[in-house]
Each structure stands twice: as C-alpha cells, then as structure tokens.
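The values are calculated or read from the model by the stated rules, or taken from the named source; none is laboratory data. Just so it is clear, the model here is predicted, and its values are computed rather than measured. Don't worry about glycine lacking a Cβ; one is built from the backbone with ideal geometry, like all the others, and counts go over all protein chains shown. Ligands, DNA and RNA are stripped out before the accessible areas are found, and what is left, the full protein with its side chains, is counted by its heavy atoms. Shrake-Rupley method; radii C 1.70, N 1.55, O 1.52, S 1.80 Å.
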Amino acid sequence: MKMIFKSHLLLFLPVCILSLAACNQPAKQSSTSTMTDSTTQATLPAAKGFEQTIDGKQAHYYILKNKNGVQASFTNYGAHLVGLLVPDKAGKLTDVVVGFDSIAGYKTSLSAYYGATIGRYGNRIAKGHFVLDGRRYDLFINNKPNTLHGGQKGFNDVVWDTKQVSDTAITFSYLSKDGEEGYPGNLDCKVTFELTKDNAIKISYEATTDKNTIVNLTNHSYFNLNGAGSGTILDHIVQMDASNYTPIDATSIPTGKIEPVAGTPFDFTKPATIGSRINDNNEQLKNGTGYDHNFVLDKHDLTTPIATATGDKSGIEMQVFTTEPGLQFYSGNFMKGGNTMHGGAKDELRTAFAMETQHYPDSPNKPQFPSTELKPGETYKTVTIYKFSAK
Ligand code: GLA
C-alpha cells in the first residue's frame, strides 16, 4: 500500500479508521490499535490547513512513513518540511521539527523560513548585488542592507510541482524564470525528500540553467530534538567537524576570512551544549546575536557525519551528512514568541536551531570561497542527510 497520502485522502482516513473501529471492534479493543498512544505521542498537523490555491497553483499536504513508524510531512508550498515524528529513547514519537498547522502560519512568518526549501541563494548576498561575467545583478534587499534567502519572494514562498511520489519519497520541482528576483537564467530545480529505512531524511537537490547563474539551495528546518514546544535548545549537545568558520560583520556578511574555531565559543569540534558559551563576551556572538555563522566543514563527502546534535531530555540524536562545504548553524536568535506553532507552543527565543548545509554566505562576492556558479550543461547536485536515533 502506498504510504503517501494526498490531503483529501488524509481527511477521510481518520473517519475510515474510526468507522472501522466502531463497526468491527469492541470499543475496548480500539486501545490496542494505532490509536493506543495518541494522547502521549506527538502527531503531525492535519491536511486541512494546507489545501489552498496560491498564485493559481494548488498546494497540498503529503506524508511519508517508513516501516519503523517514522513519519514526515510536507507541503509543496515552499517545499516545506512541516513535521517529523521520530521515536525518543522510550520509543515515544516526538515531533523534532517546529512547524505550523497551516499555510497561513508559514505565510505570516515568511522571514523565519520554518522548514522551507531556500533558493535561489541560501543566506546573504552583501548589499543585494553581485557581478557575474562582468555584469552586475541587483537583487531585492529584504534583510537590510543585504539580500537573504533568495530575496522578496524566495523558493519558500512559491508553489512547487509535485512530480513524483512513492511511499517514502517525494520530489518537488520548480522553474525559476530568467530574471526572477534579479537572478540570471531559467533555473530548473528539483528537490527530493526520502525517508530512509534507517530513519533519515535524505534531501537531494538538482538544478540546471540555460545561462550562467548562481545557486545555493538549502533546507531551513528548525529542530528541537526534545520535541517541538518543549522549551529552549540551550542544553542540546552539539558537535561539528569544523575546525574553521567564517566570521561575520555587524550585518552578518562574512568578512571573507576563514578563521580557526580553536579557543573560541565556535569550537564544537568536541561536544558542547549550545548554551554553554552563547552569552560569552565575544564580538562574533554579538554580530550574530548568538550563533548564526557558517562553519567550514573539514570533510563533506557523506561518509561521516559532519555534525551531531542530541536532545538532552529525549536522547534523540541527529547526525548530519552533506556534500556541501558549509553549515550555517543558527541558534534561533530571532525567534520572538510571536507565532503559535503546531502543538500550541509559541516560537519563543532559541526554542529551536537550524543546521543549514550550503555554500558559504556571500560567495558570489567572495572569489576566495568555493564557487556557487552554475553554467549551462552542468547539473547542480547536492545531498544532505539528517539521520535520527535515540539512546
Ligand atoms: C538564517 C539566517 C539568520 C536568520 C534565519 C531566519 O539562518 O542566517 O540570520 O535570518 O535564517 O530567521
């Protein structure tokens, strides 16, 4: 049976299950069904809030489920990862991705990029312009004085096509037109989310262009490994295989230098809690209002995790693997409690963190950084894996 359901099926599914339980089972037996732990286990948002026409295109809601009971839900609006249920150390399903119950929630918090696919350029481009092949391109300045995460209407705010679905994989595609948001070239993008047998979300990005352009795609999930809405992430333990990072100026643009983390609060080469040094008197922490920096990965070939984070209460561990050279580690510094998330909690300060795998911010203006250029005939291909276990 296909484990992926379009929203209208999902709407009817609970009704069907309830009717089956009512007709075929004595009431007491319903407690042995899948509903047993429904009061204690986390749930995914319902489909209802995601069925909507936006810019003339239909948005839907999708759920992937593997044989271990791990579930991930998505909407093709912004190719968002909406929720992710994984077992904690006691086997209790825990939603480790902070998300909304509806597209309206995502729309009203566009600047936070909850769970979104980010493009055409993840993170900042200084002062909203870059030069490519001798020509200057101007972008929309949405994060003064810079462009952040694509511009005014990034890939997080468009409805993607859903080209391929299976029980554990879904592909979203989007054609970003030549000149959209100021970027050159028709960029044909695909992002595939796969829920693997070993409880990982594998994200594969692909893009091609018909003109020289720049591209830097990422996913902006906000993780709380103790469970969405369970408080701050300051006691989460983090380790990153990054001996260097790219310091930033007061507008969060990399200075262009690559500096060692050794002896600074940015040294996560050995496990440390997110909160242990976050309030240190350190200029870089001030510039980022906490951690909001690109870590230069020592290795990035999918063979070993480049980062590990553990929820101190749940025992849920997330390992990150990527082909990308950088990891933007963001400690939820701009979360202000203004949004009500799925589960009812507000998005209070530092109640989630992001690990955005990508090329370094402002690379188009920093020739010393790995290039983000894409030429006709080439295929942009990157893979990132978030793998979950508990102990
Ligand atoms: C990225 C940026 C942060 C912030 C968040 C979204 O992580 O680096 O500065 O904009 O996105 O709020």
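State yes or no: is Gly179 farther than 27 Å from Glu378 by Cα, away from the ligand (no atom under 16 Å from the Cβ) and small (Gly, Ala, Ser)?
No: the conditions fail for Gly179.
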Qualifying residue in the stretch 257-273 (condition: aliphatic (A, V, I, L, M) and within 16 Å of the ligand (Cβ to nearest atom))
no
Evaluate the following for Ser166: is it of a type in the set (S, T, N, Q), open to solvent by 10 Å² or more (accessible area, probe 1.4 Å) and farther than 23 Å from Tyr121 by Cβ?
yes
Criterion first (polar (S, T, N, Q), closer than 23 Å to Val261 by Cβ, open to solvent by 10 Å² or more (accessible area, probe 1.4 Å) and in a loop (DSSP other than H, G, I, E, B)) does Thr303 satisfy it?
yes
Mind listing whichever residues of the stretch 358-372 are out of contact with any Pro (no Cβ under 9 Å at 6 or more places or on another chain) and more than 17 Å from Arg120 (Cα to Cα)?
Pro367, Gln368
Among the listed residues Glu356, Glu317, which satisfies the condition of being more than 13 Å from the ligand (Cβ to nearest atom) and within 23 Å of Ser204 (Cβ to Cβ)?
Glu317
I want to confirm something. Restricting to the stretch 130-142 and keeping residues that are in contact (Cβ under 8 Å) with a residue 40 or more places away in the chain and open to solvent by less than 80 Å² (accessible area, probe 1.4 Å), which single residue is farthest from the ligand (Cβ to nearest atom)?
Leu132
I'm trying to understand the selection: among the residues of the stretch 101-129, which are polar (S, T, N, Q) and within 12 Å of the ligand (Cβ to nearest atom)?
Ser109, Ser111, Asn123
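Quick grid of which residues meet (1) buried (at least 19 other Cβ atoms within 10 Å of the Cβ); (2) outside any strand (DSSP E or B); (3) at pLDDT 95 or above:
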site	(1), (2), (3)
Gln152	no, yes, yes
Thr162	yes, no, yes
Asp178	no, yes, yes
Glu181	yes, yes, yes
Here is a check on your reading of the model: is Asp292 under 20 Å from Pro325 (Cα atoms), in contact with a Phe, Trp or Tyr (Cβ under 8 Å, 6 or more places away or on another chain) and of a type in the set (Asp, Glu)?
yes
What pairs come out if I take residues in the stretch 346-362 that are among the polar types (S, T, N, Q) and pair them with residues that are in a loop (DSSP other than H, G, I, E, B) and near the ligand (Cβ under 10 Å from one of its atoms) whose C-beta lies under 7 Å away, six or more apart or interchain?
Thr351/Gly332; Thr351/Met335; Gln358/Gly122; Gln358/Asn123
Residues being within 16 Å of the ligand (Cβ to nearest atom), surrounded by fewer than 22 Cβ atoms within 10 Å (Cβ to Cβ) and either more than 22 Å from the chain's Cα centre (by Cα) or not in a loop (DSSP other than H, G, I, E, B) (or both) - total across the stretch 279-295:
6
